[in-house]
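First comes the structure, then the notes that go with it.
The values are calculated or read from the model by the stated rules, or taken from the named source; none is laboratory data. Small disclaimer: the values here were computed from a predicted structure and weren't measured. Using ideal geometry, Cβ is built from the backbone for each residue, glycine included, and neighbour counts are taken over all protein chains shown.
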Amino acid sequence: MSTNRHPIEQEELMAYLDGELPTDQATEAMSHLELCPECRTLAADFQDVSQTLMAWEVESPEVGIPSEINVALGERLQKRKAAKVNWSNLENRVITRRWLWAGALAIVCVAVGLQLTLTSRNRNEDRSTVYPSMASIEQYLMPDRNTEIAMARSAAPEAISSDAKILVLGWRGYEPANQGKNGFVCMVERSWMSPFNSAEFWNPRVRVPMCFNPAAARSILPLTIKRTEMVLAGMSKAQMIDSIRAGFANKELLAPEPGAMCYMMSRAGYLNDTLGHYVPHLMFYFPLTDKSSWGADLAGSPVTLNPQFRDGPEPITEFVIPVGKWSDGTAAPVM
Amino acid sequence: MTSDEALMLEFQGGSRAAFEELFARYRKSLYGFFWRRLNNPERAEDLVQETFLAVIRAASRYEPRALVRTYLYGIALKLVAAERRKFLTSSTLGHSAPEPKTDGTPEFVLWVRQAMEKLNSPDREILMLREYEQLSYSDIAELLRIPINTVRSKLFRSRLELKGYLESEAKTNPALRASAVQPHPRRRGLQ
């Protein structure tokens, strides 16, 4: 394969299939792959090798925790408990016999606490200073419209996204690239859909491909449109929050319709600097709901409460459920 | 879902339930890890147990800088290396290492296994960590202490080599190839 004809190297193509390319390169790879039969053949070869290797499946016997581990576990937990009790006894003796020590200890604690607070505040400040304010609009736009369309479509399996309406971000907001036939709407969200207090609210690298079902397209998508318009109009965060609250109060913005959900199964997305591509998943939207009603965030539960709207002006609860495959059918990494 | 790292910290703090959750999450994948590298189901089970015992013993030293997944596979890699050294020592003393178990193993699995054995050992390890343990390039780089670009280039090379081996074998036995790539939601019986 000549690099003159192919804008990406074979190794990069492999990295793309593995979900290991940064967003910009991934979208370039995805667009090229759509147009290049030679690279599609190579991609199919890589997928074929992976599928063949999967034939070497290992079935593990179903067993509980072996007794040896149970014993070691019991010993460790008991030791820990004993250490806690001993420390507590020691502390009592110190306090009763030597008040001076207690005072000193308190001073040390205050000093350490103050230090920790300052360190933690410094850390947060360091993090938020990476993206302290909005970058130039160009940095949030994607230079190639077709690349953005392909990325938006990659949010859901082809059977859904091929007939979906596609929105593309322009200078004045999202613009339709087609009309769509099935009521789904696919788009690439930007960083300002993060919580308002997120350190990455202005991260220009963020690209989040999403495909809303018809119920979410009617009730959730307007939030994205509104936030985007306000951002591009140069409003402050406080103004945006007020405007969203007012929007819900005057029914300009609506509560999530029953059944509102969206697909986020693109391997080309970049959610933020912490999560990177993350894993393919589905999101479900509700009016404010106790997370326990879905068993979210409990041990072993695949359901997570998404912090996107938590403590924000939108009265919405959003649950996330990871799925095993990217929209192109390849296996997702283990969480 | 509570993250692995949060569970590990809860376990450090004395939660048995957190450990049990980690055990449930990783037991099967660790079993597969050992099985594929040692071809011995009994040892695989023993080593899964040793991995978790090591976790219990070293829990107080765990720092959330490392992903629990990387931490566990780091322990597992050390155990595999020790196991291999043990076989090497015993074979120099005149004892032979146990033969890989093949009874009842489907032919296509033997075929895949043989193809993997043709790769050189470091490349094979990278490929297995990616394909079976599904670790990211950076996780693999951290585990094997090699640059991430080396991970990528070796992975690329080994996938192409493997494709060559599999294709040449498939020419001589097309039925086997078809059998290996058929969808198999739940293929049984390696032991």
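Which ones in segment B:60-86 are part of a loop (DSSP other than H, G, I, E, B) and more than 12 Å from chain A (Cβ to nearest Cβ)? Reasoning before the result, please.
Keep residues of segment B:60-86 that are part of a loop (DSSP other than H, G, I, E, B), which gives B:62-67.
Within segment B:60-86, B:Tyr62, B:Glu63, B:Pro64, B:Arg65, B:Ala66 meet the criteria.
For A:Ser154, state whether it is surrounded by 14 or more Cβ atoms within 10 Å (Cβ to Cβ), within 23 Å of A:Ala233 (Cα to Cα) and modelled with pLDDT of 90 or more.
So A:Ser154 does not fit the description; no.
Counting only residues that are of a type in the set (Ser, Thr, Tyr) and surrounded by 17 or more Cβ atoms within 10 Å (Cβ to Cβ), which one in segment B:123-163 is farthest from the other protein chains (Cβ to nearest Cβ)?
Residue satisfying both the conditions and the ranking: B:Ser158.
Can we say A:Tyr285 is in the same structural domain as A:Ala216 (by TED's automatic domain parsing) and under 18 Å from A:Arg227 (Cα atoms)?
yes
Only one of (1) more than 9 Å from chain B (Cβ to nearest Cβ); (2) at pLDDT below 80; (3) farther than 29 Å from B:Tyr132 by Cα is not met by A:Thr23, so which one is it?
(3)
Among the candidates A:Gly276, A:Gly259, A:Gly300, A:Gly329, single out the residue that is away from every other protein chain (no Cβ under 14 Å), assigned to a loop (DSSP other than H, G, I, E, B) and of a type outside the set (Val, Ile, Thr). Before the answer, list the steps.
On the way: A:Gly276 fails: away from every other protein chain (no Cβ under 14 Å); A:Gly300 fails: away from every other protein chain (no Cβ under 14 Å); A:Gly329 fails: away from every other protein chain (no Cβ under 14 Å).
After ruling out the rest, the residue left standing is A:Gly259.
Rundown of residues vs (1) assigned to a strand (DSSP E or B); (2) buried (at least 16 other Cβ atoms within 10 Å of the Cβ), yes/no style:
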site	(1), (2)
A:Tyr131	no, yes
A:Ala159	no, no
A:Leu167	yes, yes
A:Tyr174	yes, yes
A:Arg205	no, yes
A:Met230	no, yes
A:Ile241	no, yes
A:Arg245	no, no
A:Phe248	no, yes
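Could you list all residues from segment B:57-77 that are more than 19 Å from B:Trp35 (Cα to Cα), among the aliphatic types (A, V, I, L, M) and either surrounded by fewer than 18 Cβ atoms within 10 Å (Cβ to Cβ) or assigned by TED's automatic domain parsing to the domain that holds B:Ser138 (or both)?
Listed by number, the residues that qualify are B:Ala58, B:Ala66.
If I go through segment A:179-191 residue by residue, how many of them are surrounded by 12 or more Cβ atoms within 10 Å (Cβ to Cβ) and out of contact with any helix residue (DSSP H, G or I) (no Cβ under 8 Å at 6 or more places or on another chain)?
From segment A:179-191, those surrounded by 12 or more Cβ atoms within 10 Å (Cβ to Cβ) are A:180, A:182-191; that's our starting set.
Remaining after also requiring out of contact with any helix residue (DSSP H, G or I) (no Cβ under 8 Å at 6 or more places or on another chain): A:180.
Total meeting the criteria: 1.
Tell me yes or no: at least one residue of segment B:41-59 is of a type outside the set (Asp, Glu) and assigned to a loop (DSSP other than H, G, I, E, B).
Within segment B:41-59 (the criterion being of a type outside the set (Asp, Glu) and assigned to a loop (DSSP other than H, G, I, E, B)), the answer is no, since none of the residues qualifies.
If we keep just the residues of segment A:26-61 that are among the charged types (D, E, K, R) and over 19 Å from B:Leu135 (Cβ atoms), which is surrounded by the fewest Cβ atoms within 10 Å (Cβ to Cβ)?
Residues of segment A:26-61 among the charged types (D, E, K, R): A:28, A:34, A:38, A:40, A:45, A:48, A:57, A:59.
If we keep only those that are over 19 Å from B:Leu135 (Cβ atoms) too, we end up with A:28, A:34, A:38, A:40, A:45, A:48, A:59.
Details: A:Glu28: 18, A:Glu34: 13, A:Glu38: 11, A:Arg40: 14, A:Asp45: 16, A:Asp48: 16, A:Glu59: 16.
The qualifying residue surrounded by the fewest Cβ atoms within 10 Å (Cβ to Cβ) is A:Glu38.
I'd like to check something: does segment A:63-81 contain any residue that is in contact (Cβ under 8 Å) with a residue 40 or more places away in the chain, more than 9 Å from chain B (Cβ to nearest Cβ) and not hydroxyl-bearing (Ser, Thr, Tyr)?
no
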